[in-house]
Amino acid sequence: MVLSELAVRLNCAEYKNWVKAGHCLLLLRSCLQGFIGREVLAFHRGLLAAAPGLGLRASCSGGSRCSPRARQFQPQCQACAEWKREILKHHLNRNGDVYWGNCQPGRWPVDAWEVAKAFMPRGLADKRGPEECDAAALLSLINSCDHFMVDRKKVTELLTSDWAVHIPEEDQRDGRECEIGSYLSVSQVNEIEMELLKEKLQEIYRQAEEQEVFSEEISNQLEVVKEFLRNNEDLRNGLTEVMQKLDSLHLQHQKLDSKEAVIQTPEKKA
Ligand SMILES: [Zn+2]
């Protein structure tokens, strides 16, 4: 049964390409994780060596007053103010969005990863290391921090590529469903699909959480994935947890919505 559902999906050339590209992205992620873990430590050591004042002696005295929120951070103590200045010195996006809300400034003197998160996209406050991050988050760090010497144009190209979930379509069948099976086993293909969908759903969750509403765009994206999962039981089973999380967030937002203005969303007839 699993096999036949997978065979139908892999019958679509575009879907197969999506899985292949996703496979590369997952390989890239696992290589980047080790590399970035080491480099972030080196970067932190470098900062402390260049400015010893940033070390342990400079611990935060502002307490909860030194708590950043989203893009806002007004340090209330000298240590945090110095750290903020130092981070901005190395930030290549210093005039744009810096998601200070990712960080616990009080930990900057002792925790390299808390510093790294200032160079990453929103919504990563709870990530405790590179092994918990996806490729896009790690590539953003590389692109925003001047410690990394890379061809930033190439990294940007990767970052702006469209990784949206590709839903197989009938008319794109190429009839060569076995081709991908020649270098990946069925369970490997399944694992890749699952991982890609999970990343996508987590991204949708982060967006919804950040915007504090389920915008029409997010609702539509979610509906497309749901429809896809309805027809592909083998994938649905592995994604129950993240789907439940999304559904309860959706419900929460709907309750808030109905208290304020009532927005009618068209219900799909089953
Ligand atoms: Zn402080």
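Since every read-out is calculated from the coordinates, none of them should be taken as a lab result. Keep in mind that what you see is a predicted model, and the values were worked out from it rather than measured. Note that we place each Cβ from the backbone using ideal geometry, even for glycine, and neighbour counts take in every protein chain shown.
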* Asked: Using a basic spin-label model with each label point 7 Å from the Cα along Cα→Cβ, how many nm lie between Leu26 and Asp151?
  -> 2.7
* Structure fact -> Within the set Ala125, Ala164, Ala135, GNM on the chain using Cα springs under 10 Å gives the largest fluctuation to Ala164
* If you take the Cα Rg of region 52-116 and divide it by 2.2 N^0.38 Å, with N the number of residues, what do you get? -> 1.01
* To do: With only Lys, Arg, Asp and Glu charged, each at its Cβ (+1 for the first two, -1 for the last two), find how big the charge dipole of region 1-110 is about the Cα centre; round to the nearest 20 debye.
  => 240
* To do: Using Cα positions and a limit of under 19 Å, work out the aspartates and glutamates in reach of Lys84, with same-chain residues fewer than 8 apart set aside.
  => Asp97, Asp111, Glu114, Asp146
* Divide by every residue of the chain the summed helix terms, -39500 (n - 2.57) for each DSSP H run of at least 4, and state the resulting mean residue ellipticity at 222 nm, rounded to the nearest 500 deg cm²/dmol. => -18000 deg cm²/dmol
* Using Cα atoms only, what is the angle between the long axis of helix 135-144 and the major principal axis of the chain, expressed in degrees (0 to 90) to the nearest 10? -> 30
* Structure fact -> Length gained, Leu158-Arg94, 0.36 nm per residue minus C-alpha separation, equals 20.9 nm
* **Percentage of interatomic Cα-Cα distances in the chain larger than 26 Å** => 52
* Asked: Say each of Leu184 and Leu251 gets a label point 7 Å from the Cα, pointing the same way as Cα to Cβ; how far apart are those two points in nm?
  -> 3.4
* To do: Express in nm, to one decimal, how much length is gained between Leu41 and Asn231 on full extension, taking 0.36 nm for each residue of separation and deducting their alpha carbon distance.
  => 63.9 nm
* To do: Pop a pseudo-label 7 angstrom from the Cα along the beta-carbon direction at both Glu169 and Asp126 and give the gap in nm to one decimal.
  => 3.6
